[in-house]
1. Could you work out the Rg to Rh ratio of region 56-109, with Rh taken as the Kirkwood radius (inverse of the mean 1/r over all Cα pairs)?
2. Sort Y244, Y125 by Cβ crowding within 10 Å, fewest neighbours at the top.
3. What are the ³J(HN,Hα) values, in whole Hz, obtained from phi via the Karplus relation 6.51 cos²θ - 1.76 cosθ + 1.60 with θ = phi - 60°, for each residue of region 232-245 in sequence order, with x given for Gly and Pro?
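What follows is calculated from the coordinates using simple rules that are stated; it is not laboratory data. The model shown is predicted, which means the values in this text are computed figures rather than measured ones. Cβ atoms come from the backbone with ideal geometry, glycine included; neighbour counts cover every protein chain shown.
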Amino acid sequence: MNPTLAPLRNLLGTVAKSYVTVVVVALLVSASLAPIVWGSTSNPDGTVAVIEVDSTLTESSAERITDDLQEARQNDSISAVVLDVDSPGGGVSVSEGLYLAVERTAEQMPVVTSVDSTAASGGYYMIAPSDEIYVKPGSIVGSIGVRATYFDVPPTDEQITTGPDKNTGGTEAEYKAQVEMMRQAFVGTVIEHRGDELTLSETELAYAKVYTGTKSVENGLADDIGDTEVAIGTAADMAGLKDYDTIEMESEPRSGISLIIGGENGDRPEASAVHPQTFGRYGAVNTPTFLALWGSVDNERVIAATELERPVANETGGDRP
């Protein structure tokens, strides 16, 4: 062999061995890092929070729902909210407060509602800002109206007041005017958020009828037939999430309409009755309550209610707003 080529061949052999070693080391390093890289790319894009609304709307239940909505807005990992609703409504003020909380949330992220059984009166008021409303065919939807009521309690004698309405709170005409103002606000809110979809006129909407889920899709009070799973998928799509987690916000035990009157079985309230809207105690004072509640409550005396001509019977047989 040419003595000049020998050193060159040895040099090339050394370079080749070094190259193989580098390649093997690179492959081993890549293999060790692969699980880490895969794990980082498999993290979800975000989270869809499901908030239950499964009771009559009172200050107690509304506080929990409002807190859940606030947490969803402040949690950077939550990208959308689904409201899982089964509520006949409740007090006007708490319904309005929940409406405002849902509206604030909808301004920051997609909000989609799934109506399980009922979204009536105040239960519908609060979900009006939703981007989409899904219902089941047999769901109960609507009842856009309010009424003023109180529960009779014995008067207190020997009182000195500073004005003739200090104990009564107002006249029947004044209650009717207040109810009309609340009705206009309720109807106007629904038209504002659902106006493009509604086939009902303002007058028809104010009849305070309730509709089945199928009918509510036809008249625009709801968008489509679907359940909570469909609502979650829609909310994720609206938020641009392809890979996402779902969390259920903490819920309370279900409460019934009986809580509104403060009795276990609809018993007539005593002089120190639990106030039907706030659960506060007001002694023997007749404190009027404004309800956005579908259905009747035992022992209530309606002071004023939405008064509109109803040319047809309520589809489900209920006459209360």
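1. Using only Cα positions, Rg/Rh for region 56-109 is 0.97.
2. Going from sparsest to densest Cβ surroundings: Y244, Y125.
3. Result, ordered by residue: 5, x, 5, 4, 5, 4, 5, 8, x, 9, 9, 10, 9, 9 Hz.
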